[in-house]
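The values are calculated or read from the model by the stated rules, or taken from the named source; none is laboratory data. Everything numeric in this text was worked out from a predicted model, so none of it was measured. So basically every Cβ, Gly included, is an ideal-geometry build from the backbone, and we count neighbours across all protein chains shown. The area values use the complete protein model at the heavy-atom level, side chains included, leaving out ligands, DNA and RNA. Shrake-Rupley method; radii C 1.70, N 1.55, O 1.52, S 1.80 Å.
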Amino acid sequence: MPPAGAEVPYGTLDLMVLKTLASMGPLHGFGIARRIEQIADGWFALNQGTIYPALLRLEQKGWIASEWGTSENNRRARYYSITRAGRKQLATETELWTRTVQMVNRLLENES
Amino acid sequence: MYAPVDYQQVATVPQLRVVISRFLDLLFRRRRAERLDEEIAAHLAALAQEFEDQGMSAHAAALEARRTFGNVDSVRMLHREQRGLPMVDRWSVDLRAATRLLTREKAFTTGVVLVLALGLAVNTTIFTIVNGMTWRTLPVPGGDHIMHLSSQSVQERTGMYTSFADFNDWRSASTTFSEMGAYATAAMNVGDSERPADRLAGAFVSTNLFRVLQVQPALGREFTEDDARPGAEPVALLGHHIWSARYGADPSLIGRAIRIGGEPVTIIGVMPAGFQFPLRGDVWQPIAQMPSFDPLTRDARRFDAVGRLTPKATLDAARAEMTAIAASIAQQHPASNFDVGVRIVPFTHAFVAPPPEAQEPLLMMIAAAVVLLIACANGASLLLARANQRAREMTLRATLGASRARIVQQLLLEALLMSTAAGALGLVISLVAVQFFAREAVDLNLPYWIAFEFDARVFAYVAVACLGTAIAFGLLPAWQLSRSNAQDILKDGGRGIIGGRRGRRWASVLLAGEIALTVMLLAAGALLLRMSATLGHDDEVIDLDRLFAAQLAVPVSKYAAPAQQRALHRSLEEQLTRPEGFAAATVSSARPFVDSTTWELRLADKPLTTERGPSVQSIAISPSYFHTLGLPLLRGRGLLDGDSAPGREAVVVNDHFVQSHMPDGDPIGRRIQLREPRNGEARGSLWYTIVGVSPSVRQRPLSRPAPLVYVPLGLHETRTLAITVRASGDATSTATALRDGVRAVDADVAAYAIMSLRKLSALSRWTARLVSVVLVIFAGIAVVLSAAGLYGVTSYGFAQRTSEIGLRVAVGARHSQIAWTLLRSTLTSAMIGLALGLGGAFVASQVLRGAIVQSETPELAVLGGIALLLVVIVVAACFVPTRRAMRLDPVTALRHE
């Protein structure tokens, strides 16, 4: 088990955001950060601010879309939702991720 | 297992999206930033709320929220880098700085922009004109694939028409052309029972010709193979313009018969509006209806061909293939086709050659480039003069760590900004100039596809010209400025070394170059102007204002026999010289100034020493020619009716002929022979006896009078026929009387292109005049630019040396001494420039010699005048600033900083 508070591995944040939006539906930035933190359950520390550049990156690629809405406590908030292209990308990346993990696992098992 | 994932493919499409999105961010940068700030604020508020709900104080909750969120500034920065395009960002910073600077120094910027705008306007105008004249393709579908094919002498590279027999072989043997058609232009007299006949430009075309061009009639049907069968009903297609102008766009005209050349012809269709062929033709008939059409004889050369290249074929491939085909025809038919090859060019180039083949446009483009060069030198001197002020700024930037490349980049951007503004202004100026030119060009009956408009090519040219200008005028000063370093500045007591020796040396070089180029332009303009004037002066040998000439369109079938032709000529002259008509009238094969036939000359009493005899021009005339033109014969007599009688053929030659070929002794009674220049074959082996000598009249558009032989009409087939009359009325009444007189003889004969010989003379010198007028205008602009540059640089230089001048005055220098000190370097470089320019003018005149017309070297008087003009301009441009310097109060001047 890794030490608590390790950084989120580079490049996985985008995948996590996509998956979160796919399973939870439209969310604002705070909601997405909260959800990822819940799942990480202390295994990883998330600098919550870093999800904003990630959101912009995904939006630029057309994988998520955003619009203004009202949050639970009646504040104006930007809501993000996954697009059709985003779902396709999520499927691709999920498969890639699974294979990468399996490959690395096999490699590590053989070594030990 | 798993199908391999093509990650690359998934990634490519979003890449483009990212670029577009980043680009859009440039425009909405502020909105994106505000949005982020709002989201961050909401996020922090939500976090803080949570911590407060857990029981923290408001202050501690806010701190904890910030800690959980991470560094707000670094998030902002990451976000910003993800937005926009970093390189463009840097540019836009420079751009804003440059714009601010240039708008602050309004006078300076305006000066540079105006100078460059003049140079760019000149270039844009010339390019637009040349582009409109020469680089256009036929406006039909796939017009760039339409080629013009004609025969040519392989050895002499002279073009000729092709025969229908050759054309048929070309067409069936070629694989590089998907379709090939033939045509022969003709002047067609269109008449009908209701309206007087009109002479129209038209063509006899192969029935597939409009399929080659892929143009369908707008109304009715196109030609079919049946229309070319022997005995087929004569048919014609009309152009849209004639159909509307002459027949009021009456659709019931289709299927009706009109008369063309006196024969009834059924109109089967109307071509679409805007279409003409080949140049301004408006009437088309199948080749089979052409009078004395001979599809089998290979010598019957009356056609040109039009081919459409297959999509894959290149012009070079077509040339190679057609050359081989022509060679095999020549082998099979040596009698008719020896030395006959094929010439293939893009269709429009067959009529208006593009530069560098055509020298006039090339010359104008070079002259325009010279003007731009002068403007650039001017702009550069102004930048150099200002450099002193900016040296400190540049040094500061360099000290703060700006690389030299970055400084040059920034200065070049300033230059580009100014040249772009100049380019835009230049476009506006040339819009006016081009419109003016287009109005002037209406008289010239240019081919229908020529249009002077600002198309994509012009805009691309302007963009490149702006970029080139920015580099040409901005690079040297930028490079100079970027060399300034802190040490220099400190050593120079904060004044900056740029305005010092090095900068001034460059300014002198620029000044000398500018003046040299100006002198050359002036000399070239003066030379061409003089040439054009000389040609006009030569033409005054006949009474230009009272003589009018017209072309005659004669139906060939009606006047096939020589006897019929002679009868027509005689009745025309008789009809027009009736008591109520003209004082004199004469028929000839060509009008003065514009046309003649070329022959190879043989002299009976002088055996050839070379393989070929000299070439000589001729026109065929009727006996009344010299009387009508008012040309007194210098020796002997004019031509008489009997001079075309077999065995007694006589000619009159002009005095240039005598000077060139018989400078010794009396030409009267000597015998000459005129041979076909191409194959040396003598037409009928006629020997002519010279019976008279006339003054010289020019018969070629752009040359001084040359040796000319006047032969009697009727001995040779003449392609064209003209009539010249001596009138007392104005142009309109003369044209009416002439047209009516001709029609009274035969309604199927038409007189057209009626104009006074003065107008014809001017028209025949049009290119020389155009080029010379353009060059003179350019030279005028160059003079203005040079004077302005000189003035600007001189006053700027003086302003910088104010304290020095004050010191000199204070220690007792006389005004003349100060003036000399100040002006010495300027005058020296002006004189060097003048000398270089005069030398260059001689070189330029050698280049011009033969390029436009045979020209003389510039006369010393002209060059002297130019030199004097330049000296006056230099002195005038220096006078005002010098006087200002003389009046300086030494005390004020010394304090000046």
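Once the 1.4 Å probe is applied to the protein heavy atoms, chain B comes out at 46 Å² accessible per residue.
Restricting the trypsin sites (Lys or Arg not before Pro) of segment B:706-779 to loop positions (DSSP other than H, G, I, E, B) with no more than 13 neighbouring Cβ atoms within 10 Å leaves B:Arg719. Taking 0.36 nm per residue of separation and subtracting the Cα-Cα distance, full extension of the segment from B:Glu540 to B:Ile471 would add 19.8 nm. Between the helical axis of B:766-800 and the longest alpha-carbon principal axis of chain B there is an angle of about 20 degrees.
With a/c under 1.5 counting as rounded, go ahead and sort the protein assembly as shown into rounded, prolate or oblate using the C-alpha gyration tensor (a ≥ b ≥ c being the square roots of the eigenvalues; past the cut-off, prolate if a/b is larger than b/c, else oblate). Numbers along the way, then the final one.
Numbers: a/c = 3.07, a/b = 1.61, b/c = 1.90.
Oblate shape, in that a/c is at least 1.5 and b/c is the bigger or equal ratio.
Label-to-label distance, B:Ala358 versus B:Ala41, with points set 7 angstrom from Cα along the beta-carbon direction: 6.7 nm. Checking every one of the trypsin sites (Lys or Arg not before Pro) in segment B:124-192 against DSSP loop status and a limit of 13 other Cβ atoms within 10 Å picks out B:Arg157. Distance from the Cα centre of segment B:742-815 to that of segment B:696-735, in angstrom? If you average the Cα positions of each part, the centres end up 35 Å apart. If you sort the three axes of the alpha carbon gyration tensor as a ≥ b ≥ c, you get a/c of 1.5 or more for segment B:696-767 and a/b no higher than b/c, which makes it oblate. Charge tally for B:Lys106 (other residues, Cβ to Cβ under 14 Å; Lys, Arg +1; Asp, Glu -1): +2.
Find the relative contact order for segment B:124-193 and round it to a whole percent, using C-alpha pairs within less than 8 Å whose residues are 6+ positions apart. Don't jump to the answer; show the numbers that get you there.
Working: 23 pairs, mean separation 9.1, N = 70.
The value is 13 percent.
Net length available on complete extension from B:Arg648 to B:Ala451 is 65.7 nm, with 0.36 nm assigned per residue and the Cα-Cα distance removed.
Any idea what the relative contact order of segment B:26-168 is, in percent, if you count C-alpha pairs under 8 Å spaced at least 6 apart?
Details: 49 pairs, mean separation 17.9, N = 143.
So the answer I get is 12 percent.
For B:Lys106, a cut-off of 16 angstrom between C-alpha atoms picks up these aspartates and glutamates, skipping any fewer than 8 places away in its own chain: B:Glu414.
Against chain A, whose longest principal axis is taken from its Cα atoms, helix A:29-40 shows a tilt of about 30°.
Charged neighbours of B:Val745, selected by a Cβ distance under 11 Å, balance to -3 (K, R count +1; D, E count -1).
Against the main long axis of the alpha-carbon atoms of chain B, helix B:164-173 sits at an angle near 50°.
For segment B:37-67, the residues whose amide N sits under 11 Å from a probe point set 7 Å from the Cα of A:Arg76 along the beta carbon direction are B:38-39. Here B:Lys606 is the anchor, and the aspartates and glutamates within straight C-alpha reach of less than 16 Å, apart from those fewer than 8 places off in the same chain, are B:Asp664, B:Asp666.
Using just the helices of chain B, give the 222 nm mean residue ellipticity in deg cm²/dmol: DSSP H runs with n ≥ 4 each add -39,500 (n - 2.57), and the total is spread over all residues, rounded to 500.
Numbers: 26 runs with 474 residues, N = 897.
Rounded to the nearest 500, the figure is -18000 deg cm²/dmol.
With R₀ set to 30 Å, the beta-carbon distance separating B:Val875 from B:Trp766 gives a calculated FRET efficiency near 0.20.
Spin-label model, B:Arg66/B:Arg887: points 7 Å from Cα along the beta carbon direction are separated by 6.7 nm. Charged neighbours of B:Thr207, selected by a Cβ distance under 11 Å, balance to -2 (K, R count +1; D, E count -1).
Both chains summed, the buried accessible area for B and A stands near 2900 Å², from protein heavy atoms and a 1.4 Å probe.
Hey, with R₀ at 30 Å, roughly what FRET efficiency would B:Ala567 and B:Asn168 work out to, going by the Cβ-Cβ distance, to 0.05?
On the way: r = 37 Å, r/R0 = 1.23.
About 0.20, to the nearest 0.05.
Separation of segment B:624-657 and segment B:148-221, taken as the distance between their Cα centroids, equals 38 angstrom.
Within the straight-line cut-off of under 23 Å between alpha carbons, the lysines reachable from A:Lys19 are A:Lys61, A:Lys88, sequence neighbours fewer than 8 places apart in one chain being disregarded. Remark: spin-label model distance B:Leu296-B:Ala218 equals 4.2 nm, labels positioned 7 Å along the Cα→Cβ axis.
At what distance in angstrom do the alpha carbon centres of segment A:35-102 and segment B:246-313 lie from each other? Between the Cα centres of segment A:35-102 and segment B:246-313 lies a distance of 72 Å. Compared with the alpha-carbon gap, the fully stretched path from B:Leu807 to B:Ser244 is longer by 194.4 nm at 0.36 nm per residue. Using R0 = 41 Å, the C-beta based FRET efficiency linking B:Leu24 and A:Glu109 works out to 0.30. Considering only protein heavy atoms and a probe of 1.4 Å, how much of the accessible area of segment B:322-381 is carbon and sulfur, as a whole percent? Carbon-and-sulfur percentage of accessible area, whole number: 65.
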